[in-house]
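Contents: one structure, followed by commentary.
Only the coordinates and a few stated rules stand behind these numbers; no lab work does. Note that the structure is a prediction, hence the values are computed from the model and not measured. With ideal geometry, Cβ positions are generated from the backbone for all residues, glycine too; neighbour counts draw on all protein chains shown.
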Amino acid sequence: METSMKIRGWILGDGRSIHSVARETGISRTTIKKYLRDPEQPRYRRRQPRVGSKLNAQFEARLRELFEHDLSLRRRDRRTAKKLYEELVAQGYTGSYSPVQRFVSELKKSSGTDGTDAFIPLYFAPGDALQFDWSEEYVLLGGVQHKVHVAHFRLCHSRKPFVVAYMNEKQEMVLDAFVRALTFFGGVPRRVIIDNPKTMVTYVSRSKDRIFHPRFLALMNHYVIEPVACTPASGWEKGQVENQVQFLRGELFTPRLAFNDLAALNAWLLLRCEELAERRHTDQQHRTIAEVFEDEKIELRPLGRPFDGYVEKTLRVRSTCLVQYDSNRYSVPCEHAGHHVSLRAYADRLVMIANDEIIAEHKRRFTRNISYFEPWHYVPLLDRKPGALRDGAPFVGWELPKSMEQIKDHYMREKGGDREFVDLLLLALEHGIDVVEMACDLAVEQRTLRLPAIINLVNQLLEPTIAPLAETHAYPQLTLRPEADCKRYETLCAAGRVAA
């Protein structure tokens, strides 16, 4: 508008020619004539109609159908605009993503699900803060649908994410998740911003003072991190990880994932975290998240030794040599029946301790009301009750070495054979399963399956081997052959009596 006013002033007010004004300003005479005819700023006028978007009525109807279907689902299961775009591409759409994004945005506004709100932007210095939150997702593990609990971490300055999945949100999972996250980042920030779950915060007063759980506080003290609990119902205080939960739900967990087990899922999530770090940083568009993280990593404190993330409980061993934890039962050696043992629950295993020694270790199970046996824990009881070898629950499906299975079948066909095989098992407890397995292999090879023969083979394997002397010809040789002389013995005896 200012240019138009100047040109009209020069020509209409000062009487200058169009040619001179065009030469001075560099504006074409045609444009100057437009300024003289119309006092308004000249605008671009399209001569031909705009080419229509490839998002035609067919794809718009399909998008509307998919969007309305997602409205019937829970918010966490709804697809993002990007996922809807990928769905259209699979159905033949060849256009760009922008028209789909605009159309989905209009659908959200019309349905009132856009969720717009106003917040105050936050700033975090490098190495200052880490945000943590949980989410619940559904995946297929071994062909069965499971609800997994995903721990989300996000370094606030670099925006680098880390996620790991568990079967629940118990305290041992929280401890393990923090150890994994700090190992992944390779350093320790000064603060961690969290919610107020009972596994981390035991009490919130009216004045917003917090009492942290002792075990979580031990984790914080180990790494020297200041825990900061958000105000209840104020998720914006850790908005980065809240947004990450929504973004990764659509990016990673939609459509539903399928893996053989939880370990395979976590291995895949770890790789995806590294890939997501190659995206552009929100505030520094010319750099990736990984590049900003390399600068922030310098500000992180050294990691040190990892925290031993277990939750300990004292439990009484039942007469069946079982202790119960988290709806399941686990066996311990039979000599501890009726006594109290210390159970340390980790995210992936259970460790039983008595008299400061580890007496049993089991893989962590997430089933309900099932007993998990270690048959060797019950073998000493078989010395008094050998008949339990046939029908005892700990021995059902017991996988022994092939040669021992063959000997067991041979013994159990005979009367009293269960007692002989129990003696063989007790021998394995005394000398080790490897030695007895080797002896059984030799017995099967030599076709001597009787117990005394196997015991003899075990003793032969345990006898120390005497290496043959090397270069015997170099040793001194006798020059005078010794002769038997009983009088020399009598002389020695007489000398002994005198000395006594």
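Points worth noting:
- Summing charges over neighbours of residue 147, with a neighbour being any other residue whose Cβ is under 10 Å away from its Cβ, gives -2 when K and R count +1 and D and E count -1.
- With only Cα atoms counted, region 57-111 has Rg and Dmax values of 10.5, 30 Å.
- Low-density loop positions, GluC sites (Glu not before Pro), region 379-436 - DSSP coil, at most 13 other Cβ in 10 Å: 399, 414
- Across all C-alpha atoms in the chain, the radius of gyration and Dmax reach 39.9, 159 Å.
- Share, in percent, of DSSP beta bridges within the chain that are antiparallel, nearest 5: 80
- Among the listed pairs 83/238; 170/363; 160/363, a Cα-Cα separation exceeding 28 Å is found for 160/363.
- In sequence order, region 268-281 has phi-based couplings of 5, 5, 5, 5, 5, 4, 5, 5, 5, 6, 8, 6, 5, 6 Hz under the Karplus curve 6.51 cos²θ - 1.76 cosθ + 1.60, θ = phi - 60°, and Gly or Pro positions carry x.
- Kirkwood radius for region 379-462, taken over all pairs of different Cα atoms as the inverse mean of 1/r, rounds to 12.8 Å.
- For region 245-315, a Kirkwood radius taken over Cα pairs fed into Stokes-Einstein (4 °C, viscosity 1.567 mPa s) yields D = 83 µm²/s.
- Charges were assigned to the Cβ only: +1 to each Lys and Arg, -1 to each Asp and Glu. The resulting dipole of region 410-492 about its Cα centre is roughly 320 debye.
- For GluC sites (Glu not before Pro), the sites in region 434-499 that DSSP calls loop and that have at most 15 other Cβ atoms within 10 Å are 471, 483.
- Charges were assigned to the Cβ only: +1 to each Lys and Arg, -1 to each Asp and Glu. The resulting dipole of region 174-287 about its Cα centre is roughly 280 debye.
- Loop-located chymotrypsin sites (Phe, Trp or Tyr not before Pro) in region 370-437 whose Cβ has at most 16 other Cβ within 10 Å (DSSP): 398
- Descending Cα extents along the principal axes, region 357-500, whole Å: 83, 41, 38
- Amide hydrogen neighbours beyond the local backbone of residue 192, cut-off 5 Å, H modeled: 130, 226, 228
- Estimated dipole of the chain in Debye, rounded to 20 [Cβ of Lys and Arg +1, of Asp and Glu -1, Cα centre]: 3340
- Nonlocal amide H pairs with residue 371, under 5 Å, H built at 1.01 Å: 329
- Per-residue ellipticity at 222 nm from helix content only, as computed over the chain with -39500 (n - 2.57) for each DSSP H run of at least four residues, stands at -12500 deg cm²/dmol.
- Cα gyration tensor shape for region 311-372, rounded if a/c is under 1.5, else prolate or oblate: oblate
- Which of 327, 204, 499, positive extreme of dipole for the chain (C-beta unit charges): 204
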